[in-house]
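What follows is a set of notes on a single structure, which appears directly below.
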Amino acid sequence: MEQAQRQQPSDTIDTAQPTSLIKREIRLDLIARSLVAHWRSYLLPCVVTFVLSCLLIVCIPRYYTVKVMLAPEASVGGGESSLASMASMVGVNLGGLEGGDAIAPMFYPDVMKSTAFIVPLLKEEVTTEDGSFKGPYGKYFTTVQTAPWWQLAAAWVVKALKSDAQKRKETGGKDVLDIDPFVLTPIQDKIITGVMSSVSSSVDKKTNVITLSATAQDPKVAAQLAQITSQHLQDFIIDYRTRKAKNDLSHYEQLVKQASKDYQEAQQKYSAYVDSHYGVVLSSYKTEEAALENEMQLAYNQYSMMRQQLSLAQAKVLERTPAFTILQNATVPVKPTGPKRMLFVVAMCFLAFIATSVYILVKDPSLKL
């Protein structure tokens, strides 16, 4: 009897406790019951989120991305050791110790982000897939490509608030596509920054394979831009690696030209002297003739030696000129790269569902955390 009386207050306390969401463990049954009971609360947030997401993502223009993969031939530079090859993989240049390149392949992406590299791209001719535009890429980038309406509206408001003096200062009083890489106007700087974001590259440190990517709102322009960028990068690499050899070649060409001129003058002097003193047997004339003949022979030897050096310089240029293997060529894409419209709408609706669920669980009086 006493034991029953002692247990009665304990039973009364347990029945008086409210329903608990967490009671030593997460009560998924209570969570599901609460969410199902408030299913109508999902209708408005999810429908509004779906409509707004569709309207938002439709305003963002589709874009296409094209990739090109290049495998440049390794430049041995006349005996580069395996140590120099390993050092170039991590971007370390051994300089005069090994005669390696000062710009390792891993720095090519930084080269592509330079103004001097981007500006020539703006002058290259591109054509849209439907043929509605044909002209410089810079004009296509500034006049044909579009932006979301909110960016256009913000740009229009900012432009309307600026005075005529500020507008002239931004343009510099000249055509925005007449770009001097050394001096950029504010508008030209924005154009350069936009083009920089449209092209990119990466380098595999182990294989030195260069992967270039170009993005545009027209599939054909994207493929053309990738091809143009690839060609410009190849030209840069070739020019960099052969610059010293070409300077030496130009130097020896000048020496050969001067040596040829000296040899011709010495030859003319000798011929003129021999013709004017034909049949003369005096020793003084014979001595002068021998001296002129020796000068002509020395000039010829000098000319012959410079010709040999010129041939070696020409061979050096060919040796230093890298060859490129196109592992993946530029191709006009069939499907856009982005934006992923369906994925975006589904993700936004899922976030709205999660947010609504949290709100229901927090506000439900039957659940106590």
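The values are calculated or read from the model by the stated rules, or taken from the named source; none is laboratory data. Just so we're clear, the structure is a prediction, and the values are computed from it rather than from any experiment. Virtual Cβ from ideal backbone geometry, glycine too; neighbours counted across all protein chains shown.
Is it the case that Y273 is more than 57 Å from the chain's Cα centre (by Cα), of a type outside the set (A, V, I, L, M) and surrounded by 12 or more Cβ atoms within 10 Å (Cβ to Cβ)? Outline the logic, then answer.
Values: more than 57 Å from the chain's Cα centre (by Cα): yes; of a type outside the set (A, V, I, L, M): yes; surrounded by 12 or more Cβ atoms within 10 Å (Cβ to Cβ): yes.
Yes.
When the residues of segment 303-354 are filtered to those that are among the charged types (D, E, K, R) and closer than 30 Å to D204 by Cα, which remaining residue is surrounded by the fewest Cβ atoms within 10 Å (Cβ to Cβ)?
If we filter segment 303-354 for residues that are among the charged types (D, E, K, R), which is where we start, we get 307, 316, 319-320, 335, 340-341.
So of that shortlist, the ones also closer than 30 Å to D204 by Cα come out as 316, 319-320, 335, 340.
Values: K316: 18, E319: 15, R320: 19, K335: 7, K340: 12.
So the residue we want is K335.
Count, please, the residues in segment 215-269 that happen to be surrounded by fewer than 20 Cβ atoms within 10 Å (Cβ to Cβ), in contact with a strand residue (DSSP E or B) (Cβ under 6 Å, 6 or more places away or on another chain) and not β-branched (V, I, T).
2
Contact list please: Cβ distance under 6 Å, first residue in segment 29-50 and more than 12 Å from D364 (Cα to Cα), second residue small (G, A, S), pairs at least six apart or on different chains.
Note: pairs meeting the criteria are P45/A352; C46/A352; T49/A352.
Yes or no, residue by residue, for (1) at pLDDT 90 or above; (2) outside any helix (DSSP H, G or I); (3) within 30 Å of A222 (Cβ to Cβ):
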{"residue": "A245", "(1), (2), (3)": "yes, no, no"}
{"residue": "E253", "(1), (2), (3)": "yes, no, no"}
{"residue": "V256", "(1), (2), (3)": "yes, no, no"}
{"residue": "D275", "(1), (2), (3)": "no, no, no"}
{"residue": "E295", "(1), (2), (3)": "yes, no, no"}
{"residue": "R307", "(1), (2), (3)": "yes, no, no"}
{"residue": "K316", "(1), (2), (3)": "yes, no, no"}
{"residue": "V332", "(1), (2), (3)": "yes, yes, yes"}
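Need pairs with beta-carbon distance below 8 Å; first residue exposed (fewer than 15 other Cβ atoms within 10 Å of the Cβ) and within segment 121-148, second hydrophobic (A, V, I, L, M, F, W, C) and part of a loop (DSSP other than H, G, I, E, B); sequence gap 6+ or separate chains.
Partner pairs satisfying both residue conditions: E129/V332; P148/C59; P148/I60.
Looking only at segment 128-138, count every residue that is outside any loop (DSSP other than H, G, I, E, B) and over 21 Å from the mean Cα position of the chain (by Cα) and tell me the total.
Step one: list which residues in segment 128-138 are outside any loop (DSSP other than H, G, I, E, B), which gives 134-138.
Narrowing the set further to residues that are over 21 Å from the mean Cα position of the chain (by Cα) leaves 134-135.
Residues meeting the conditions: 2.
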